[in-house]
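Below is one structure, written out as structure tokens; the observations come after it.
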Amino acid sequence: MKRALVTGSSRGIGRAVALGLAGDGFEVLVHCAGRRDAAEATRDAILADGGKASVLQADLCDLSQTARLAREMGEVDVLVLNASLQIKKPWQTITVEDAEQQLNCNFVSSMLLIQAAVDHMRAQKWGRIVTIGSVQERKPHPDMLVYSASKAAQTNMVQSLSLQLAKDGVTVNNVAPGVIATDRNVEALSDEAYAKKVMDSIPVGFYGLPEDCVGLVRLLCSEEGRYITGQSLYVDGGKSVQ
């Protein structure tokens, strides 16, 4: 049984991906930063469906905890880097701490976990790495400067690593969601004027759901996705081309 670590899989897109990969027969390592009860609920849903899963907890803003997670995860065949931190504020008020936390969680931790996972993947000549980016790579939100920049950096890393790992049977891709209806967006989208502005920017005319991202991630993590690498693929209802 192949093993998959999905970071930030206690809720939202990460939870949906964890359930999807479990359905494909992967043993899933469910990761959370704080809400262990939510991660355990994801694990229990997988177990109830006959799958295999366990929970790992680490705050990826803290690189010492990232290093511990890298040790605890052991050998994994699939790495889905979904966890991220988003601090919304005008760019002139961003502090060094704000920047460090987002860069550590959204970029540096991704690099460190890839470094820890890749030797096993290379040794067996098979591996799948998928980062979860954002439409903000192409359409940055004015009040999320560091978040959007960190996602663009992550995708640049994907492109670089895809070339370096291609001959080892390891694919590396990025999935960039648009506006997905998760608990992260509830407060912002409760403002009717802002919600209308956001909706008007989505050509299909509706918000995505976490499940809308799962099919693509499953493909990229499968044998059928073996010929796809170095790509940033948008799941955004057309927002990136609006």
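The values are calculated or read from the model by the stated rules, or taken from the named source; none is laboratory data. Keep in mind it's a predicted model, so treat the numbers as computed, not measured. Virtual Cβ from ideal backbone geometry, glycine too; neighbours counted across all protein chains shown.
Residue by residue through the range 97-154, note down the ones that are more than 15 Å from residue 73 (Cα to Cα) and hydroxyl-bearing (Ser, Thr, Tyr).
The answer is 131, 134, 147, 148, 150.
Restricting attention to the range 160-207, which residues are surrounded by 11 or more Cβ atoms within 10 Å (Cβ to Cβ) and of a type in the set (Asp, Glu)?
Those that are surrounded by 11 or more Cβ atoms within 10 Å (Cβ to Cβ) and of a type in the set (Asp, Glu): 168, 191.
Can you pull out every residue in the range 153-211 that is acidic (Asp, Glu), farther than 14 Å from residue 12 by Cα and at pLDDT 90 or above?
The initial filter retains those residues of the range 153-211 that are acidic (Asp, Glu), namely 168, 183, 187, 191-192, 200, 211.
Now narrow it down to the ones that are farther than 14 Å from residue 12 by Cα: 168, 187, 191-192, 200.
Selection gives 168 alone.
Report whether or not residue 184 is closer than 18 Å to residue 7 by Cβ, among the basic types (Lys, Arg) and not in a helix (DSSP H, G or I).
Considered against the rule, which asks whether it is closer than 18 Å to residue 7 by Cβ, among the basic types (Lys, Arg) and not in a helix (DSSP H, G or I), residue 184 comes out as no.
Go through 123, 152 for me and flag whichever is closer than 24 Å to residue 227 by Cα, in a helix (DSSP H, G or I) and touching a residue at least 12 places away in the same chain (Cβ under 8 Å).
On the way: 123 fails: touching a residue at least 12 places away in the same chain (Cβ under 8 Å).
Checking each option against the conditions leaves just 152.
Could you list all residues from the range 8-45 that are of a type outside the set (A, V, I, L, M), crowded, with 24+ Cβ neighbours inside 10 Å and under 15 Å from residue 221 (Cα atoms)?
Within the range 8-45, 14, 26 meet the criteria.
Tell me which residues, restricted to the range 220-235, are surrounded by 14 or more Cβ atoms within 10 Å (Cβ to Cβ) and part of a helix (DSSP H, G or I).
Matches in the range 220-235: 220, 225.
Working carefully through the options 169, 215, find the one that is among the small types (Gly, Ala, Ser) and more than 15 Å from the chain's Cα centre (by Cα). Quick ask: steps written out before the conclusion?
Numbers: 215 fails: more than 15 Å from the chain's Cα centre (by Cα).
Just one listed residue meets the conditions, 169.
Within the range 126-137, can you find the residues that are crowded, with 19+ Cβ neighbours inside 10 Å, out of contact with any Pro (no Cβ under 9 Å at 6 or more places or on another chain) and not in a helix (DSSP H, G or I)?
Looking only at the range 126-137, we keep the residues that are crowded, with 19+ Cβ neighbours inside 10 Å, and these are 127-137.
Retained after the next criterion (residues that are out of contact with any Pro (no Cβ under 9 Å at 6 or more places or on another chain)): 127-131, 136-137.
127, 128, 129, 130, 131 - these are the residues of the range 126-137 that are crowded, with 19+ Cβ neighbours inside 10 Å, out of contact with any Pro (no Cβ under 9 Å at 6 or more places or on another chain) and not in a helix (DSSP H, G or I).
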